[in-house]
Amino acid sequence: MTEKVLNWGFLSTAKINQRVMPAFRESKRNRLYAVASRNQENADSYSREWKIPKAFGTYEAMLSAPEIDVVYNPLPNHLHAEWNIKAMQAGKHVLCEKPFALTVEDVDSAEKMANDTGKIIAEAFMYRHHPQTLKVKQMVDEGILGKLKLIRGSFTYQFTREGNYRADPTMGGGALWDIGCYPLSYARAMLGMEPVEVFGWQVTGVSGIDESFIAQMRFPGEIHAQFDCSFALPHHTFMELVGDEGTLIIPVPFTPQSKEYLFLTRGGKTEKITVKAPGLYHGEVEDLADAIFLGKPPRISLADTRANTRAILALYESAKTGKPVAL
């Protein structure tokens with residue numbers, strides 16, 4: 001680390017990199033320093049296009065570079081676990097795109113490696129760091145809605161990219177892994193507890209992935225959550241939190257921008273609440289810097305990641321067997 005500035009390296013030229021880049025331009029403690037690709041030509045071209053100082057022709061070359069402090073891992077889902085381990089073994093901290101892993105065992109292996117190496121690793125659920133999400137959590141915890149009874153959510157978009165890993169079940173494809181993980185994570189975060197039972201239905205696409213998934217979850221205290229996700233429906237997102245004293249609707253819960261609105265209904269009256277904030281990916285980058293420099297625990301712990309992974313796998317099991325699954 002140079003004068004308390006973290007040098008970050010992108011592990012691949014994934015499209016999502018472009019969304020994360022503004023966070024580095026806004027940060028005084030984090031610098032986008034390098035990109036790695038599967039060949040030098042691609043890495044050089046990408047680094048020129050996006051003005052990234054260093055380009056590596058293999059992933060291994062970037063991991064072996066001593067000047068790299070943190071790796072951002074946006075690889076296809078089935079490669080997350082392997083390269084998270086390799087990055088920590090090489091002495092790098094890691095911010096890994098969701099889903100962090102496709103098995104609970106892989107989450108546990110990452111945690112063991114983090115403990116063995118002393119490196120920080122966290123899942124990149126960017127919305128969890130956004131001031132809108134923090135505002136909603138504050139309202140829930142302060143009892144603005146009374147006791148939460150029901151949570152509903154949705155995340156859908158029409159997926160048409162041929163040859164993409166999202167359409168391959170062997171690569172962790174499917175709507176639930178890709179986007180259903182968001183409303184699931186949101187419900188768990190707002191309640192601060194884990195479901196005790198889940199039930200799921202899926203519509204299977206041509207390739208065998210879940211093209212659409214509908215989930216029901218029962219939490220302690222007879223609190224329930226429902227969400228849907230789909231690659232076949234037009235873009236649609238929302239979260240709705242229903243308490244015994246009020247209802248809160250979040251129209252843009254997962255990709256909030258610099259200015260968003262919440263709608264709080266109590267006593268027959270609806271209040272529009274404005275939330276202003278920096279860029280969407282700013283928080284996750286700064287959160288990791290806080291963990292590395294200040295010793296603060298990452299906002300999204302590996303225990304949190306493990307629980308989300310476990311719930312996803314239980315929902316898939318339910319859809320396969322047609323029966324509810326206890327957790």
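Taking region 112-123, which residues are among the acidic types (Asp, Glu) and within 17 Å of the chain's Cα centre (by Cα)? Walk me through it before giving the result.
Taking region 112-123 and keeping what is among the acidic types (Asp, Glu), we get 116, 123.
Once the filter is applied, which keeps residues that are among the acidic types (Asp, Glu) and within 17 Å of the chain's Cα centre (by Cα), region 112-123 yields only Glu123.
Suppose we keep only residues that are in a loop (DSSP other than H, G, I, E, B) and hydrophobic (A, V, I, L, M, F, W, C) within region 134-164. Which one would you say is modelled with the lowest pLDDT?
We begin by selecting, within region 134-164, every residue in a loop (DSSP other than H, G, I, E, B); these are 142-147, 157-164.
Cutting the leftovers down to hydrophobic (A, V, I, L, M, F, W, C) gives us 144-145, 159.
Details: Ile144: 98, Leu145: 98, Phe159: 93.
Applying the filter and picking the extreme gives Phe159.
Within the set of pairs 6+ apart or on separate chains, which have a first residue in region 249-263 that is more than 12 Å from Tyr182 (Cβ to Cβ), a second that is in a strand (DSSP E or B) and open to solvent by less than 10 Å² (accessible area, probe 1.4 Å), and C-beta atoms under 6 Å apart?
Taking only residues 6 or more apart or on different chains, the pairs are Leu262/Ile250.
Output yes when any residue across region 271-287 is open to solvent by less than 60 Å² (accessible area, probe 1.4 Å), polar (S, T, N, Q) and under 24 Å from Phe238 (Cβ atoms), and no when none is.
Going residue by residue through region 271-287, those that are open to solvent by less than 60 Å² (accessible area, probe 1.4 Å) are 273, 275, 277, 279-287.
Checking which are polar (S, T, N, Q) leaves us with none.
Checked region 271-287: no residue is open to solvent by less than 60 Å² (accessible area, probe 1.4 Å), polar (S, T, N, Q) and under 24 Å from Phe238 (Cβ atoms).
Would you call Lys320 under 30 Å from Lys28 (Cα atoms) and not in a strand (DSSP E or B)? Let's see the steps before the verdict.
Details: under 30 Å from Lys28 (Cα atoms): no; not in a strand (DSSP E or B): yes.
When the stated conditions are applied, Lys320 does not pass them.
Give Leu313, Leu288 a once-over and let me know the one that is within 30 Å of Lys28 (Cα to Cα), aliphatic (A, V, I, L, M) and in a helix (DSSP H, G or I). I'd like the intermediate steps shown before the answer.
Details: Leu313 fails: within 30 Å of Lys28 (Cα to Cα).
Sole residue among the options that is within 30 Å of Lys28 (Cα to Cα), aliphatic (A, V, I, L, M) and in a helix (DSSP H, G or I): Leu288.
Between a first residue in region 86-107 that is in contact (Cβ under 8 Å) with a residue 60 or more places away in the chain and a second residue that is aromatic (Phe, Trp, Tyr) and outside any loop (DSSP other than H, G, I, E, B), which pairs have beta carbons less than 7 Å apart while being 6 or more apart in sequence or on different chains?
Close Cβ pairs (under 7 Å, with a partner that is aromatic (Phe, Trp, Tyr) and outside any loop (DSSP other than H, G, I, E, B)) amount to Leu95/Tyr72; Pro99/Trp177.
Take Pro220 and decide whether it is out of contact with any Asp or Glu (no Cβ under 8 Å at 6 or more places or on another chain), in contact (Cβ under 8 Å) with a residue 12 or more places away in the chain and surrounded by fewer than 20 Cβ atoms within 10 Å (Cβ to Cβ).
Numbers: out of contact with any Asp or Glu (no Cβ under 8 Å at 6 or more places or on another chain): yes; in contact (Cβ under 8 Å) with a residue 12 or more places away in the chain: yes; surrounded by fewer than 20 Cβ atoms within 10 Å (Cβ to Cβ): yes.
Judged against the criteria, Pro220 is a match.
Among the numbered conditions (1) outside any helix (DSSP H, G or I); (2) more than 18 Å from Phe254 (Cα to Cα), tell me where Thr170 comes up short.
(1)
I'd like to verify a number: residues in region 232-262 that are buried (at least 17 other Cβ atoms within 10 Å of the Cβ), out of contact with any Ser or Thr (no Cβ under 7 Å at 6 or more places or on another chain) and in a loop (DSSP other than H, G, I, E, B), how many?
Qualifying residue count for the region: 1.
Among the residues of region 1-45, write down those that are over 17 Å from Leu288 (Cβ atoms), open to solvent by 10 Å² or more (accessible area, probe 1.4 Å) and in a helix (DSSP H, G or I).
The answer is Gln18, Gln40, Glu41, Asn42, Asp44, Ser45.
Given the residues Phe227, Phe254, which is the only one that is at pLDDT 95 or above and within 22 Å of Pro169 (Cα to Cα)? Full working, then the answer.
Numbers: Phe254 fails: within 22 Å of Pro169 (Cα to Cα).
Result of the check over Phe227, Phe254: Phe227.
Could you list all residues from region 291-310 that are in a helix (DSSP H, G or I), hydrophobic (A, V, I, L, M, F, W, C) and touching a residue at least 40 places away in the same chain (Cβ under 8 Å)? So that I can check it myself, show each step before the final result.
Applying the first criterion (in a helix (DSSP H, G or I)) to region 291-310 yields 291-294, 302-310.
Right, trim to hydrophobic (A, V, I, L, M, F, W, C) and you get 291-294, 302-303, 307.
Answer for region 291-310, where residues must be in a helix (DSSP H, G or I), hydrophobic (A, V, I, L, M, F, W, C) and touching a residue at least 40 places away in the same chain (Cβ under 8 Å): Ala291, Ile292, Phe293, Leu302, Ala307.
For region 200-210, what are the residues that are more than 10 Å from Ala319 (Cβ to Cβ) and open to solvent by less than 70 Å² (accessible area, probe 1.4 Å)?
Just the residues of region 200-210 that are more than 10 Å from Ala319 (Cβ to Cβ), to begin with: 205-209.
Scanning region 200-210 gives Gly205, Ser207, Gly208, Ile209.
The values are calculated or read from the model by the stated rules, or taken from the named source; none is laboratory data. On a predicted model such as this, the values are computed, not experimentally measured, just so you know. Cβ atoms come from the backbone with ideal geometry, glycine included; neighbour counts cover every protein chain shown. Heads up: the accessible areas ignore ligands, DNA and RNA and are worked out on the full protein's heavy atoms, side chains in. Shrake-Rupley method; radii C 1.70, N 1.55, O 1.52, S 1.80 Å.
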